[in-house]
Amino acid sequence: MITFESKIDSLIRLKEDTRRALNKLNIFTVKDLLYHYPTRYADASSFVSIANLSEGQNATIRGTIKKIVSKKSWKTKTALSEAVVEDVSGTINVIWFNQPYLAKMLGIGQTVELTGKVSIYKDKLSLVNPNTREEKTLPIDSHDSLFASDKDGVLTPLYKESKGVSSEWFSHAIARALTTIENIPDHIPNEILKKYSLPSLKSAFIYIHNPKKFSDALKARKRFAFDEIFQINLARTLEKQKMQKEKAYSIETKSLDIENFISRFPFPLTKAQEKSIDHIMKDLEKDSPMSRLLEGDVGSGKTAVAATAVYATVMNRPGAKENKQSFGSLQVAYMAPTEILATQHFESFIKYFEHTGISIALITGSGCRKFPTKVASSQTPWTNISRSQLQKWIANGEIPIVIGTHALIQKSLSFKHLALAIIDEQHRFGLNQRKSIAKKDSHSPHLLSMTATPIPRTLALTIYGDLDLSLLDEMPKGRKQIITEIVLPNKREETYTKIKSLLQEGRQAYVICPRINEPDPELEKAVIAKSVTEEAKRLQRDIFPEYKIGVLHSKMTKDQKESVMEDFYEHKIDILVATSVVEVGVNVPNATSIIIEGAERFGLAQLHQLRGRVMRSSHQPYCYLFADAKTEKTKERMKLFTQAKNGFELAEYDLSLRGTGELTGLKQWGISDIGMEALRNTKLVEAAQISAKELVTKDPELKNHPLLKETVKLYEQMHFE
Ligand code: ADP
Ligand code: MG
């Protein structure tokens, strides 16, 4: 009997090259086959096979990019992109003149439709400057591009092809699968399907692979989108439920003079900070662990909120509420992604805690420090200590506050009474690292994650469904408004002159080189590294000969990066030429201007984060966008950017204007294209979240939903980073 899990050979005899092609696409079972959705619906007879093309013919082909490069023709110096495109019948060369960015937009493996005249170029049959259409798994709400025409008519599904397996093969094999399998059990409970008018799994497969009408295909896509978002939510909700069963130290916050601690800050808290502190204090009082994400733009003051949580924690003694020990205190681990950040936090914590006499330690790969120092001759308020000594003091509970890098989660380090774990810039850590800092002994620590990555609400609800959210959506008062300018090519010089005058006043600057999309991440790093290095050379030679310029990019080792950042921090470097790696929270208040090259190629939220780098002091900050703002759409986006003040707002714009592709890191979260597009649909995401919560409330172990329990396991292992 053929089932969902059967191997494809049991359904259909496979030629060796078909098998190879399928395996390459990760298709092994009937189930995999059914989940291989068409990328588009069109009349397949309108395409010409590559093998049948002849010179002079006007034709549309559909194929996959095998190779693509951009270069300059050495004779005429025009930029061109050159590709080899393949369908099942053969390959053809494709040349685009004056469109060097095509090679960066289209990647290897991308399916394209090309329409143009077939001609001879460099002795080979070629398509020159064809009309180019990228074929993606398209958004659920843009059926206009999902279908070839706007009339219900021939709706032939088109699948991504590769050598050995054609679109027709898929149609045929899938049709056979759908008629052969008797029963496709649905993992989504029937009530939920009914409530949201979603088709059953079997109908959805039929609708998506063989729609009679547009609306069928759309219904199916909606079901699969809901399915995915629902399961992610379910996995997060189950995780949360599991966490809530664990025991945490209940922290007494009311009796403490938290007001007094806060009143020593050299600034009044923002309303958003007050509210977040309030959330956190309520969480800490509970005897189940807090799981909270504090999200706020760069400079919104997350550290002060964290410091208050730390204060409340370390002022508590271990033991049950009624039965506190009279000695020792609860401990806090505060993890930052880089040594510089950890060191900066150590220094600001010394200021926050000086008056309390509480000990603070710093642990990083390159050494350990302890505050306060007992060494009378010390130049600093802290001393270097040995790792083994520090380990001892942490293990016996003598040091309440430990700040550090990954070094904090090494096995050799154990806490006596770890009550609170704080993760700064949490998106920089993997789930496993996050879990291992929250590892329990008798008690699980409360967990406070912090991030400056602005993500839209729908995405936050989904991937951080196990966390409670606090937002710092308000900047501290008194900051100078940043001056953001779009710089046209003929105004470059003026900008450089302005930057020079700022450098003259003793300030520092960033120059960010554009994002370059290469399908191969290693290649991408190499290309960007090259452009950063070349731009630094050019600036040094032609524009800023009298200033010291440093470079920073992701091809460099962690140590190299740290050392450059250190030099920049200490003002041994005036201008840092970098890729977007500088996004992450290093605080160099003296850097007050930033140039972003190729600004139109960044997402708005990312631009905003880059801009945040220079908004850290009372000096007037400047952001210059060097953008190729030819199209109205680009102008519109750039204008939006100069006006918006808040990263969340911009993340929402990114999502609605340009789709989820703009949300950095989404791919690595492992959400499918359909799932990603669903994130544009707030109602769907909320429905999925509510359904997941309701289900877990009614059936916490999923005892009545064994199938769902099985499928959701996949999502439990998903890494959200
Ligand atoms: P981030 O959210 O990026 O981690 P920080 O916590 O590093 O921000 O704060 C950035 C700067 O703003 C620090 O110098 C901090 O002392 C200051 N700051 C924090 N909160 C306030 C506030 N309410 N008013 C004024 N300045 C503040
Ligand atoms: Mg920070």
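The values are calculated or read from the model by the stated rules, or taken from the named source; none is laboratory data. Source: prediction; values computed, not measured. All Cβ positions, glycine included, derive from the backbone under ideal geometry; neighbour counts span all protein chains shown. Ligands, DNA and RNA are stripped out before the accessible areas are found, and what is left, the full protein with its side chains, is counted by its heavy atoms. Shrake-Rupley method; radii C 1.70, N 1.55, O 1.52, S 1.80 Å.
Things worth noting here:
- Computed from the Kirkwood radius of its Cα pairs, the Stokes-Einstein diffusion coefficient for segment 483-644 at 25 °C and 0.890 mPa s stands at 154 µm²/s.
- Compactness ratio for the chain: Cα radius of gyration over 2.2 N^0.38 Å (N = residue count) comes to 1.07.
- For Lys572, neighbours were defined as the other residues whose beta-carbon sits under 13 Å from its Cβ, and their charges (Lys and Arg +1, Asp and Glu -1) total -3.
- Within the shell defined by Cβ-Cβ distances under 13 Å, the residues around Leu178 carry a net charge of +2, with Lys and Arg each +1 and Asp and Glu each -1.
- A 1.4 Å probe, protein heavy atoms only, puts the accessible area of Tyr624 near 10 Å².
- Nearby aspartates and glutamates by direct alpha-carbon distance to Lys202 (threshold 20 angstrom, same-chain neighbours under 8 apart not counted): Glu5, Asp32, Glu182, Asp186, Glu191, Asp216, Asp227, Glu228, Glu710
- R0 of 35 Å, Cβ-Cβ distance Glu347-Gln244: FRET efficiency to nearest 0.05: 0.45
- Helical runs (DSSP H, four residues minimum) scored at -39500 (n - 2.57) apiece and divided by the length of the chain put the mean residue ellipticity at 222 nm at -11000 deg cm²/dmol.
- Sequence-distant residues sharing a close amide H with Cys368 (under 5 Å, placed H): Ile385
- Within segment 483-644: Cβ-based charge dipole about Cα centre, in debye rounded to nearest 20 (Lys, Arg +1; Asp, Glu -1): 300
- Of interest is the spacing of the C-alpha centroids, which for segment 14-40 and segment 394-413 amounts to 49 Å.
- With a Cα cut-off of under 12 Å and a minimum spacing of 8 residues unless on different chains, the lysine pairs in segment 509-578 number 4.
- The 3J(HN,Hα) values that the Karplus relation (6.51, -1.76, 1.60; θ = phi - 60°) gives for segment 52-58 are, in residue order, 8, 6, 9, 4, x, 6, 9 Hz. Gly and Pro appear as x.
- The chain: DSSP helices with Cα axial extent of at least 30 Å and average Kyte-Doolittle hydropathy no lower than -1.0: 214-245
- Take Lys15: with every protein chain present and a 1.4 Å probe, its accessible area is about 150 Å².
- Hull-based mean projected area of segment 484-543, where the convex hull spans the alpha carbons, in square nanometres: 5.2
- Candidates per trypsin sites (Lys or Arg not before Pro) in segment 41-109, loop by DSSP, up to 13 other Cβ within 10 Å: Lys75, Lys77
- Normalising the average separation of contacting C-alpha pairs (under 8 angstrom, six or more residues apart) by the number of residues puts the relative contact order of the chain at 13 percent.
- Applying a DSSP loop filter and a limit of 14 other Cβ atoms within 10 Å to the GluC sites (Glu not before Pro) in segment 222-270 leaves Glu246.
- Of Asp123, Asp257, the residue with the largest accessible area leads and the full order is Asp123, Asp257 (1.4 Å probe).
- Amide H contacts under 5 Å for Lys160, placed H, 5+ residues apart: Thr39
- Theoretical gain in end-to-end length, Ser366 to Lys72 [0.36 nm per residue, Cα-Cα removed]: 101.2 nm
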